[in-house]
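Please read the structure below before turning to the comments.
The values are calculated or read from the model by the stated rules, or taken from the named source; none is laboratory data. Owing to the predicted nature of the structure, the values given are computational and were not obtained by experimental measurement. Every residue, glycine among them, receives a Cβ derived from its backbone with ideal geometry; neighbour counts consider all protein chains shown. Protein only, heavy atoms only, side chains kept; ligands, DNA and RNA dropped before computing areas. Shrake-Rupley method; radii C 1.70, N 1.55, O 1.52, S 1.80 Å.
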Amino acid sequence: MLLALLLASLVGSAAAWPLGRTLGQRSVGWLLALLPAALFAGFLRFAPIIAAGREVVERRGWAPSLGVELTLRLDGFAFLFCLLVTGVGALVVIYAGAYLAERTAADRARFLALTLLFMTAMLGTVLADDLIALFVFWEATSVISFLLIGFDVDSPSARRAALMSLRVTAGGGLALLAAILLAGAVLGSYSLAEVASRAPQLAGTPWIGAIVAGVLVGACTKSAQFPFHFWLPNAMQAPTPASAYLHSATMVKLGIYLLARFEPVIAVVPWGRDTVVGIALATMLVGAFLAMRAENYKAVLAYSTVASLGILMMLVGMDGPMASVAMIGFLVAHALYKATLFFCAGTVIHATGLSNLRLLGGLWRFLPVTALASMLASLSMAGLPPFFGFISKELLFEAQIESSWDVVPMTVALIVNSVIVGVACVVTLRPFFLGRGRVREVRHREVTALLVGPMLLALLGLVISVEPDWFDRTVLGPAVSAVYGAPIVVNVQLWHGVTPMLLLSMAVVTIGVLLFVYWIPIHQRLRAQTLLDRYEAEHAYDLLLRGIEAAARRVHALLQRLELRDQLGVIFGAAAAFVAWGLLAARVTPRLPGDWGALRVGPALMALVGLAGAIGAARARSVLGAMIGTGLVGLVAALEFLTYGAPDIALTQFAVESLVVVLLTAVLLVLPLSAPSTRTARARWRDAALAAAVSLLLFVALLDMIATPQPTEVSAYFGAHSLVDALGRNVVNVILVDFRGFDTLGETTVIALAAVIGWSLLGPRGRERAERTPAHAAPRAAFVLEFASPLFFRLLVLLSIVVLLRGHDEIGGGFVGGLTASLAFAIVALAQGVDEARRRLRLSPLTLAGGGLLLAVASGLPGLVTHGDYLRHLWFELHAGSVQLEQGTTLLFDLGVYLAVLGTVLTFLFGLAQEAER
Amino acid sequence: MSVLLALVASGLVGCGLYMVLSRHVVRMVLGLSLLTTAVNLVLFLTGRVRSTQPPLIREGSERLGDSADPLPQALVLTAIVIGFALTVILAVLTLRAWRAQGTVRSDELRAARALGDPSTPEPGGDR
């Protein structure tokens, strides 16, 4: 059921994109809000289970061999979050439908779809029990938040803010991943519940410090704690519905969620709780200070959110049951009133186009219902009875009194809460009720969709505190029990009598009202302190970014400006150096082969000729000379293959050498033949030294390899089964076509792709140019060649077919056959011109190559149909009169290879010959 | 015998590497072709040249007798064809470069440099 809800959320969010484009502006918000509303109802059905103190766990195997499971767990805490996310989500979608009324339908659809996708990611994060899954959803929320903040893609400040939020939160996410991987490696399990319950086991390892640090960094970046708080006010660049959803009610609470889940692990380290509370206190002070300093409507709300998150963090860090109660209570209260205030801010900005608090005033005439909602929310924020904010403040003070922390947190909380009260007053009274006449007209009136969200949430803050019973039993109680780890009965009441908490609350309200009354002078004084701008955390972020880019530029200038040959020299030189150093450091003496064999004249001469050819090619001062040297080397290699028992390869190498000569000559006829040295003498000596070093190392390695006995199990297997199972006597061909057929199929694909490359480099343009230049007859070739070429053509084609057919039992095969056939066409092209060769082929060579590939692929299908194995070759007995033949699908495969090779070589041949004829 | 092959292969690698480090593109292509041949020889050498008998099952027997190792041969066969395709593609690219830029020196083929240095910051970029 949980998985079903999550999947429904995902599918619905994805469907919202195309759907949102087609729906009209008036209805898109209401209709799309049905998804979160339905999910809210779906989660609500779990209420009886949760209220009874049980949890819902669903397991789905993901990669059982790796021990990866998708586990979803719904306990009280997750239940609270799910309701919050889906409930507020529905209201945000309704609101956004009206807020984005002037945008295009595409923009609206994009925003709503992103909001719904974000909701899915949040649900995934709080429901996931597997830490890896949690991390994935965590990062998903970061990415979607990035997309929402940068929603106005044309605005540079929006882009900057989006990048800032992504860098900070994703950076924290990396730290979190490190911590998760460490914990998983130590405990052998990635389950969140297990990590929490086995925390003492983690304490014994040396990794505990890193794990706790990683979790803390991840949580602090997400929840905008000091010193990572600067991204949240910048995130106000997002459209206000996104700010209301992400940056006040849900996403920023994820850090708190994470720390609450990891509390056992943090508590196990002596410095854990202290660090958390310390960071929280710093955040509270910084947030409060900056809130007094800010002037922009949304910035004030953002900074007060930072301060409130600090309060939540402090409550997470404190021990004692009351701390958990206060944390949950404040979490809910803050979500309710902050979202409302953001909604109202959005309506005001949308209506007036102004966002500076000093320019706004008297708006209750134009936006009465919004003013009412704002006032209700502010009263809750200020902590006045009978609102839920009052109860949560009382709980906060009670938790502080009862915990082992003393004066410092209390004082800080006092100051910060006063500032929050002040902010509450400023944010409602200034724009709506005071300063009559500052704003003359508004662009948009209130629309129902803009009012549903704020009014509902504001009234909820009132209803919960007046009728807390169901809420206590079903939502608050189980959440607190889940966080604290033991069942707690929560009894949230409005009036507990005259307690120290009540006195503290009264003091806070008084100071807050004073702050409001003197807001302008205080605010101006603080703004005048420009010195503080230099020490802002955001400044550090900018400096860090610039430093990284400068360092990158320097590294690039150092390493990437090298010429190609220098880069190659570095690569080879470094490789040789590492190998040599490794050999010397390990003090390994290479083994020498015991039996060097008798030195026979034939092979010795061949080796000499080969080396001479190579050295000649290296030293040649003309392109033709280099080519002759290379061709000589290829021929010697073919002879070596022939001598040492590899006739198939020898045939292939011979054919390839001939074709290389033909094809490269066509290229060389176009290029200048003289190739003077392009390196100075010194560079040449250096290159020669490097080449000598590499070749010496290779020789030593080869000697060592020759001296070690070769493992022969695989070859023995092939030798034993080639005839018996695969019905072929040519073991090499059987390996290529049958045992390792899939590899050969891949290589055939590569060859066919080479044909495409050749066609695109030589084909159409070549044909165009051929049409433009006056066609002239091919120069007459030598008489003998012209006379003999038709005969040779037919002979060679016949030979190639014979080679193809006999390949399975004797020397031959598809590759050799294809190359032989290419030689046939090469002769015709040389003797009678490309057009004649094309005519004889009839097809386009590219078609041939593609057809060959298709045939090779298709030859594996009969085996798939009959045996369920792709490329399992089937054999048939054919009777033609008295002739009995046994053939299999291997022939089809080989034929496919034949055609592919032929087509590829001919693509290049025709194209290059055409280029040469110009 | 294998030692001779090893000597040839190493020598080819040395010459091929020397040619690849040149600035002349055709020399680079031919050097790469030499390197490919050398690597094919090395691959073949992993079969430890013992017997010079081709790996064909003789008439009358059911399994392969003493012969050259078939497995490296299968690897080398496709490697030769693909190496050939690579050499030809590079040659065609050289041709295109010559037609387009009029040079075959790698330090003069600088069409991408004309687009500018990617490491200089954009004026007025996203900050």
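Take residue B:63 and tell me if it is in a loop (DSSP other than H, G, I, E, B), open to solvent by less than 50 Å² (accessible area, probe 1.4 Å) and basic (Lys, Arg).
For residue B:63, the condition - in a loop (DSSP other than H, G, I, E, B), open to solvent by less than 50 Å² (accessible area, probe 1.4 Å) and basic (Lys, Arg) - is not met.
Do you know which residues across the stretch A:653-672 are within 7 Å of chain B (Cβ to nearest Cβ), open to solvent by less than 20 Å² (accessible area, probe 1.4 Å) and more than 16 Å from residue A:826 (Cα to Cα)?
A:653, A:671, listed by residue number.
Starting from the stretch B:60-76, keep only residues that are more than 7 Å from chain A (Cβ to nearest Cβ), then list their pairs with residues that are surrounded by 12 or more Cβ atoms within 10 Å (Cβ to Cβ) and of a type in the set (A, V, I, L, M, F, W, C) whose Cβ atoms are within a distance under 6 Å, requiring at least 6 positions of separation or different chains.
Correct list of pairs: B:72/B:43; B:72/B:44; B:75/B:43.
Looking only at the stretch A:391-405, decide whether some residue is out of contact with any strand residue (DSSP E or B) (no Cβ under 8 Å at 6 or more places or on another chain), under 27 Å from residue A:278 (Cα atoms), open to solvent by 20 Å² or more (accessible area, probe 1.4 Å) and assigned to a loop (DSSP other than H, G, I, E, B).
yes
Can residue A:349 be described as surrounded by fewer than 24 Cβ atoms within 10 Å (Cβ to Cβ), over 42 Å from the mean Cα position of the chain (by Cα) and among the β-branched types (Val, Ile, Thr)?
Values: surrounded by fewer than 24 Cβ atoms within 10 Å (Cβ to Cβ): yes; over 42 Å from the mean Cα position of the chain (by Cα): no; among the β-branched types (Val, Ile, Thr): yes.
No; evaluated as a whole, the condition is false for this residue.
Somewhere in the stretch A:53-66, is a residue open to solvent by less than 40 Å² (accessible area, probe 1.4 Å) and within 24 Å of residue A:242 (Cα to Cα)?
No: the stretch A:53-66 contains no residue that is open to solvent by less than 40 Å² (accessible area, probe 1.4 Å) and within 24 Å of residue A:242 (Cα to Cα).
Quick check on residue B:25: is it within 30 Å of residue A:654 (Cβ to Cβ), touching a strand residue (DSSP E or B) at 6+ places or on another chain (Cβ under 8 Å) and more than 8 Å from chain A (Cβ to nearest Cβ)?
So residue B:25 fits the description; yes.
Exactly one of (1) over 27 Å from residue B:6 (Cα atoms); (2) more than 9 Å from chain B (Cβ to nearest Cβ); (3) surrounded by fewer than 21 Cβ atoms within 10 Å (Cβ to Cβ) is unmet by residue A:683. Its number?
(2) is the only condition that residue A:683 fails.
Picking from A:458, A:507, A:486, A:479, which residue would you name as being modelled with pLDDT of 85 or more, aliphatic (A, V, I, L, M) and surrounded by fewer than 15 Cβ atoms within 10 Å (Cβ to Cβ)? Quick ask: steps written out before the conclusion?
Working: A:458 fails: surrounded by fewer than 15 Cβ atoms within 10 Å (Cβ to Cβ); A:486 fails: modelled with pLDDT of 85 or more; A:479 fails: surrounded by fewer than 15 Cβ atoms within 10 Å (Cβ to Cβ).
Answer to the selection: A:507.
When you look at residue B:36, is it more than 7 Å from chain A (Cβ to nearest Cβ) and among the polar types (S, T, N, Q), yes or no?
yes
Against the condition in contact with a Phe, Trp or Tyr (Cβ under 6 Å, 6 or more places away or on another chain), in contact (Cβ under 8 Å) with a residue 12 or more places away in the chain and assigned to a helix (DSSP H, G or I), how does residue A:141 come out, does it pass? First the steps, then the outcome.
Working: in contact with a Phe, Trp or Tyr (Cβ under 6 Å, 6 or more places away or on another chain): no; in contact (Cβ under 8 Å) with a residue 12 or more places away in the chain: yes; assigned to a helix (DSSP H, G or I): yes.
The answer is no for residue A:141.
Would you be able to tell me the number of residues in the stretch A:884-918 that are within 12 Å of chain B (Cβ to nearest Cβ) and surrounded by fewer than 24 Cβ atoms within 10 Å (Cβ to Cβ)?
Number of matching residues: 4.
So that you can scan it fast, the table gives a plain yes or no per residue for (1) at pLDDT below 90; (2) of a type in the set (Lys, Arg); (3) crowded, with 24+ Cβ neighbours inside 10 Å; (4) out of contact with any strand residue (DSSP E or B) (no Cβ under 6 Å at 6 or more places or on another chain):
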{"site": "A:797", "(1), (2), (3), (4)": "no, no, no, yes"}
{"site": "A:813", "(1), (2), (3), (4)": "no, no, yes, yes"}
{"site": "A:817", "(1), (2), (3), (4)": "no, no, yes, yes"}
{"site": "A:830", "(1), (2), (3), (4)": "yes, no, no, yes"}
{"site": "A:835", "(1), (2), (3), (4)": "yes, no, no, yes"}
{"site": "A:847", "(1), (2), (3), (4)": "no, no, no, yes"}
{"site": "A:850", "(1), (2), (3), (4)": "no, no, no, yes"}
{"site": "A:859", "(1), (2), (3), (4)": "no, no, yes, yes"}
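Give me the pairs: first residue in the stretch A:551-569 and farther than 26 Å from residue A:692 by Cα, second residue among the hydrophobic types (A, V, I, L, M, F, W, C), beta-carbon distance under 7 Å, and six or more apart or on different chains, which are they?
Between residues of the stretch A:551-569 that are farther than 26 Å from residue A:692 by Cα and residues that are among the hydrophobic types (A, V, I, L, M, F, W, C), there is no close pair.
Would you tally the residues in the stretch A:677-712 being charged (D, E, K, R) and modelled with pLDDT of 90 or more?
Matching residues across the stretch A:677-712 total 4.
Only one of A:219, A:249, A:244 is more than 24 Å from the chain's Cα centre (by Cα) and modelled with pLDDT of 90 or more; which?
A:244
Of the conditions (1) open to solvent by 10 Å² or more (accessible area, probe 1.4 Å); (2) at pLDDT 90 or above; (3) in contact with a Ser or Thr (Cβ under 8 Å, 6 or more places away or on another chain), residue A:224 fails just one. Which one is it?
Condition (1) is where residue A:224 drops out.
State all residues of the stretch A:593-607 that are open to solvent by 60 Å² or more (accessible area, probe 1.4 Å) and more than 9 Å from chain B (Cβ to nearest Cβ); if no residue qualifies, say none.
Scanning the stretch A:593-607 gives A:594, A:595, A:601, A:605.
So, of the residues in the stretch A:624-637 that are within 50 Å of the chain's Cα centre (by Cα) and either charged (D, E, K, R) or surrounded by fewer than 22 Cβ atoms within 10 Å (Cβ to Cβ) (or both), which turns out to be nearest to residue B:46 (Cα to Cα)?
Here the answer is A:635.
Would a scan of the stretch B:78-85 turn up a residue that is touching a helix residue (DSSP H, G or I) at 6+ places or on another chain (Cβ under 6 Å), within 7 Å of chain A (Cβ to nearest Cβ), within 30 Å of residue A:729 (Cα to Cα) and part of a loop (DSSP other than H, G, I, E, B)?
no
The conditions are (1) within 14 Å of chain B (Cβ to nearest Cβ); (2) touching a residue at least 12 places away in the same chain (Cβ under 8 Å), and residue A:515 fails exactly one of them. Which is it?
Failing condition for residue A:515: (1).
Any residue in the stretch B:29-42 that is touching a residue at least 60 places away in the same chain (Cβ under 8 Å), open to solvent by less than 40 Å² (accessible area, probe 1.4 Å) and under 12 Å from the mean Cα position of the chain (by Cα)?
So in the stretch B:29-42, the residues touching a residue at least 60 places away in the same chain (Cβ under 8 Å) come out as B:29.
Then drop every residue that is not open to solvent by less than 40 Å² (accessible area, probe 1.4 Å), which leaves B:29.
Within this subset, residues satisfying the condition of being under 12 Å from the mean Cα position of the chain (by Cα) are B:29.
Yes.
From the list A:572, A:578, exactly one residue is open to solvent by less than 90 Å² (accessible area, probe 1.4 Å), part of a helix (DSSP H, G or I) and either facing another protein chain (nearest Cβ under 8 Å) or of a type outside the set (S, T, N, Q) (or both). Which is it?
So the residue among A:572, A:578 that is open to solvent by less than 90 Å² (accessible area, probe 1.4 Å), part of a helix (DSSP H, G or I) and either facing another protein chain (nearest Cβ under 8 Å) or of a type outside the set (S, T, N, Q) (or both) is A:572.
Among the residues of the stretch B:45-53, is there at least one that is modelled with pLDDT of 95 or more, open to solvent by less than 10 Å² (accessible area, probe 1.4 Å), part of a helix (DSSP H, G or I) and facing another protein chain (nearest Cβ under 7 Å)? Spell out how you get there, then give the answer.
In the first step, residues of the stretch B:45-53 are kept if they are modelled with pLDDT of 95 or more; the result is none.
For the stretch B:45-53, residues modelled with pLDDT of 95 or more, open to solvent by less than 10 Å² (accessible area, probe 1.4 Å), part of a helix (DSSP H, G or I) and facing another protein chain (nearest Cβ under 7 Å): absent.
Tell me, which residue of the stretch A:49-87 that is in a loop (DSSP other than H, G, I, E, B) and in contact with a strand residue (DSSP E or B) (Cβ under 9 Å, 6 or more places away or on another chain) is nearest to residue A:35 (Cα to Cα)?
Going through the qualifying residues, I end up with A:75.
Sort out which residues of the stretch A:709-756 are under 42 Å from the mean Cα position of the chain (by Cα), surrounded by 15 or more Cβ atoms within 10 Å (Cβ to Cβ) and at the interface with another protein chain (Cβ under 8 Å from one of its Cβ atoms), and write them in order of number.
Answer for the stretch A:709-756, where residues must be under 42 Å from the mean Cα position of the chain (by Cα), surrounded by 15 or more Cβ atoms within 10 Å (Cβ to Cβ) and at the interface with another protein chain (Cβ under 8 Å from one of its Cβ atoms): A:735, A:736, A:740, A:744, A:747, A:750, A:751, A:754.
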